[in-house]
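Below is one structure, written out as structure tokens; comments come after it.
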Amino acid sequence: MNDDTLFQDIFQLLRQQSREEGKVDTEVQLAERFKVSRFRVRRVLDRLTDMGVIARAQKRGVTLMPYSPNLLASQIYDHLSIASFDGYEIGEARTSTELEILPLAMKRMTPVIFGDLEEKLNRMARCTEFHGAVLKLYFECHRTILNAAGNRILYGYAYALALHHDRVLQSHLHHDHETVMQLLNGMRELVSYARAGKLEAARETLREMLETESSYVVALGREENAD
């Protein structure tokens, strides 16, 4: 049995046991069940732990972790970071992805979601002097819109791309009042167009917002490389 097959078989078994029995095999039991060495089983468990799929403790053994879109996004983000893609590539991928997600999100946005977005926008308007707080709420609005699409895979992928910009902007953009206000006004327009069902206007506003973010991140990267 090769390593990939062993990985898939152990993962499927653990998932089935957790769902049906609430208790999963130990490292020793897995080695006996699959007739392989404990070393090979341990490598599989190490990989599943690194992926965030399981947690291991000395007395509790192996526990399957609840899988979430945020975990998927975090894993994709980690791989993107290791690969060292430049800001332009990530910005282009993000814009293409979110422009495709937006129509689906607009179809599925409920009054409750719009109410949540409006509440965040009002809070942003009340704290415009505190750029860090505005940016935090801005990113929360963005995630709410992505999540409204109701597709966990699309959300996880789009959120992973957004995380790259979010973390850079949170660290540097709070000094730039003009750009922060530009993003705030853009989000206000986007929500307004989405509520009115004006897809093309919403898409164009989203495109402009993402281009503003991407341009800032790319310019910052060039400055850091020059130094």
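The values are calculated or read from the model by the stated rules, or taken from the named source; none is laboratory data. Model, not experiment: these values are computed from the prediction. Counting neighbours? That spans all protein chains shown, and the Cβs are built from the backbone with ideal geometry, glycine included.
Some values worked out for this structure:
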item: Set 173, 163, 121: member being in a helix (DSSP H, G or I), without any contact (Cβ under 8 Å) to a residue 60 or more places away in the chain, surrounded by 16 or more Cβ atoms within 10 Å (Cβ to Cβ) and aliphatic (A, V, I, L, M); result: 173
item: Residue among 47, 56 that alone is in contact (Cβ under 8 Å) with a residue 12 or more places away in the chain, of a type in the set (Lys, Arg) and not in a loop (DSSP other than H, G, I, E, B); result: 47
item: Scan of region 7-36 for residues that are within 29 Å of the chain's Cα centre (by Cα), of a type outside the set (Asp, Glu) and assigned to a helix (DSSP H, G or I), ordered by number; result: 7, 8, 10, 11, 12, 13, 14, 15, 16, 17, 18, 19
item: Considering residues of region 124-135 that are of a type outside the set (Ser, Thr, Tyr) and either touching an Asp or Glu at 6+ places or on another chain (Cβ under 9 Å) or not in a helix (DSSP H, G or I) (or both) only, the residue farthest from residue 69 (Cα to Cα); result: 129
item: Failed criterion for residue 39 (all others in (1) aromatic (Phe, Trp, Tyr); (2) farther than 19 Å from residue 153 by Cα; (3) assigned to a helix (DSSP H, G or I); (4) under 24 Å from the mean Cα position of the chain (by Cα) hold); result: (4)
item: Single condition residue 85 does not satisfy, out of (1) of a type in the set (Phe, Trp, Tyr); (2) assigned to a helix (DSSP H, G or I); (3) in the same structural domain as residue 202 (by TED's automatic domain parsing); result: (2)
item: Candidate set: region 53-71, residues that are crowded, with 16+ Cβ neighbours inside 10 Å and within 18 Å of residue 7 (Cβ to Cβ); chosen: the one farthest from the chain's Cα centre (by Cα); result: 62
item: Candidate set: region 138-175, residues that are at pLDDT 90 or above and among the hydroxyl-bearing types (Ser, Thr, Tyr); chosen: the one nearest to residue 79 (Cα to Cα); result: 157
item: Single unsatisfied condition, residue 207 versus (1) surrounded by 17 or more Cβ atoms within 10 Å (Cβ to Cβ); (2) farther than 18 Å from residue 140 by Cβ; (3) under 20 Å from the mean Cα position of the chain (by Cα); result: (1)
item: Some residue of region 136-147 being in a helix (DSSP H, G or I), surrounded by fewer than 14 Cβ atoms within 10 Å (Cβ to Cβ) and either under 12 Å from the mean Cα position of the chain (by Cα) or free of Cβ contacts under 8 Å to residues at least 24 places away in the same chain (or both); result: no
item: Number of the exception - residue 191 against (1) in a helix (DSSP H, G or I); (2) surrounded by fewer than 17 Cβ atoms within 10 Å (Cβ to Cβ); (3) of a type in the set (Val, Ile, Thr); result: (2)
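To keep it simple, each residue is scored yes or no on (1) farther than 21 Å from residue 82 by Cα; (2) more than 18 Å from the chain's Cα centre (by Cα).
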position: 156; (1), (2): no, no
position: 168; (1), (2): no, no
position: 172; (1), (2): yes, yes
position: 190; (1), (2): yes, yes
position: 194; (1), (2): yes, yes
position: 198; (1), (2): yes, yes
position: 201; (1), (2): yes, yes
position: 211; (1), (2): yes, yes
position: 220; (1), (2): no, yes
